[in-house]
Amino acid sequence: MQTLNKLIKRNAPETDFGKLPPQARQLEEVLLGAIMTEDSAIHDVIELIKTEAFFYVDAHQRIYKAIQTLYYGHVPIDLLTVTEQLKRQGDLDAIGGPLYLVQLSNSISSSAHVAEHARIIIEKYIMRKLIAVSNEVSRDAYCETTDVFDLLDRAGNEVENINLMLRGQKNESFANRVLHAAQMLKDAANTGAYITGVPTYSAKLDGQLLGFQSGDLVVVAARPGMGKTSMVWHIAKMQARHQVPVGFFSLEMNDRQLINKMFASETQIDLRTVARGGLKREEWQRFDHAAEQMMNWPIHLDDTGAIPIHQLIAVAKNWVRKHGVKIIYIDYIQLITTGEGLKKFGNREQEVSYISGKLKATAKELNIPIVALSQLSRAPETRSDKRPMLSDLRESGAIEQDADIVIFPFRPGYYGIETDHTGSIYPDGYTELDIAKFRNGEPVVVRWIFEPGISRFRDYE
């Protein structure tokens, strides 16, 4: 350990306060040991610790750099492969040799808490960076010749650089991005599914979208009565049934209303019967079985009502960090607030534009799809066919601009429209999902059947 102690000393200058910078040396050791001994550990860490710079100890930075190289090259990670990679980097002697790697591997009993360890390591890194930035700003602020606005810009840029590094935008090379994208396509081809995003478990919808894609903002917009809440709740239910962790912000309906919809769908018992508890003996058996199954579904539900955007984002980040949520639904955009309203934005349209932009940015930052419901203006009511258009998105053209996908659920029967343009009669529950905007493809219409009595959708054909 003598070599390591020298490295730590070299890598740990005292601060202006006579203290060592914030650090978590022991957790760094445990984390690296876990990665080299348990296959699953790296998957819990790689999305959190974006760069080796997050580690305090120089040796640990070198080791993590080797681990990242192996991971992005799709090479198994263990004591031997890490040793060989450090040799190739010319870093094996610098970290203390193979013996130090063995000591790291022997320092752990379980990898159960690696994600939490990683977060603490990141927190210490942020503290060190903020101390460095603060010291530099404080020094220059005492200088009479300093341009205060230039100093303000530099301070802001330094803080933003920390944020960029946390999101990994300065770490992953273009070559690694190409490898990652190519592997995703190969994996999809090998499974025969060709679903590159989070599946909706609708063959028709997935056939067009290939699932909801990471980083995308998907807007589902409709007039009242089209079943937009039932639609996204149905998709969320199907994903959770397949053990895809889902986050759902219900700003209008409470948890009992949503869960009753789920009971009706799973038991195929009319929603009104479920809501009043008027089930027969055989139906209660189906109900109990459905409830038992649903309790194991990874759905995280927030039904606190209208919510400020900053609070919604904080909850979403917590869901992703703690529970591995893969997709988030929001019902609906117009019930989100900024907490500042017209005082800052002047009018509601500008406020909604700000909210829409934040949702898109959050989808990219968390690298998950966000599906947000939106109201439409009354314009469709004035048209003969009642079908919505992108210009009908209520209160903000920015919603259309920020969205990667815009879907308009439309039920002709709701308006008494019984036949299509050829005179063919629409079946009961006929619903069109008009994908009016698709950034990665052409607009298209997917046809579903909506069964409102049991709050369930299915493919038309």
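Can residue 64 be described as under 20 Å from residue 112 (Cα atoms) and either assigned by TED's automatic domain parsing to the domain that holds residue 82 or not in a loop (DSSP other than H, G, I, E, B) (or both)? Let's see the steps before the verdict.
Details: under 20 Å from residue 112 (Cα atoms): yes; either assigned by TED's automatic domain parsing to the domain that holds residue 82 or not in a loop (DSSP other than H, G, I, E, B) (or both): yes.
In short, yes.
Considering the range 98-140 alone, what residues qualify as being part of a helix (DSSP H, G or I), surrounded by 13 or more Cβ atoms within 10 Å (Cβ to Cβ) and among the small types (Gly, Ala, Ser)?
Residues satisfying the conditions are 105, 115, 118, 132, 134.
Would you pick out the residues in the range 430-449 that are within 28 Å of the chain's Cα centre (by Cα) and either outside any strand (DSSP E or B) or among the aromatic types (Phe, Trp, Tyr) (or both)?
438, 439, 440, 441, 442, 443, 448
Out of all the residues in the range 365-374, is one or more assigned by TED's automatic domain parsing to the domain that holds residue 208, at pLDDT below 90 and assigned to a strand (DSSP E or B)?
Checked against the condition, which is being assigned by TED's automatic domain parsing to the domain that holds residue 208, at pLDDT below 90 and assigned to a strand (DSSP E or B), the range 365-374 yields at least one hit.
Just for helices (runs of 4 or more DSSP H) wholly inside the range 241-308: which have at least 1 residues that are among the hydroxyl-bearing types (Ser, Thr, Tyr)?
Numbers: elements: 255-267, 271-276, 281-294.
The qualifying helices (runs of 4 or more DSSP H) are 255-267, 271-276.
Checking residue 71 against (1) more than 26 Å from residue 318 (Cα to Cα); (2) hydroxyl-bearing (Ser, Thr, Tyr); (3) assigned to a helix (DSSP H, G or I), only one condition comes out false. Which one?
(1)
Residues to consider are 206, 153; find the one that is part of a helix (DSSP H, G or I), at pLDDT 75 or above and under 30 Å from residue 459 (Cβ atoms).
Exactly one of 206, 153 is part of a helix (DSSP H, G or I), at pLDDT 75 or above and under 30 Å from residue 459 (Cβ atoms), namely 206.
If I filter the range 296-337 down to residues being more than 11 Å from residue 250 (Cβ to Cβ) and of a type in the set (D, E, K, R), which single residue comes out as nearest to the chain's Cα centre (by Cα)?
By that ranking, first place goes to 326.
Output yes when any residue across the range 77-88 is outside the structural domain of residue 317 (by TED's automatic domain parsing), within 21 Å of residue 161 (Cβ to Cβ) and surrounded by fewer than 17 Cβ atoms within 10 Å (Cβ to Cβ), and no when none is.
Step one: filter the range 77-88 for residues outside the structural domain of residue 317 (by TED's automatic domain parsing), giving 77-88.
Those still in the list that are within 21 Å of residue 161 (Cβ to Cβ) too: none.
Scanning the range 77-88 turns up no residue that is outside the structural domain of residue 317 (by TED's automatic domain parsing), within 21 Å of residue 161 (Cβ to Cβ) and surrounded by fewer than 17 Cβ atoms within 10 Å (Cβ to Cβ).
Of the residues 45, 75, which single one is in contact with a helix residue (DSSP H, G or I) (Cβ under 9 Å, 6 or more places away or on another chain) and free of Cβ contacts under 8 Å to residues at least 12 places away in the same chain?
75
Just to verify a result, which residue in the range 389-443, among those that are more than 14 Å from residue 220 (Cα to Cα) and aromatic (Phe, Trp, Tyr), is surrounded by the most Cβ atoms within 10 Å (Cβ to Cβ)?
Among them, the one singled out is 430.
The values are calculated or read from the model by the stated rules, or taken from the named source; none is laboratory data. Remember, it's a predicted structure, so these values are computed and weren't measured experimentally. Reconstructed Cβ throughout: ideal geometry from the backbone, glycine too, with neighbour counts over all protein chains shown.
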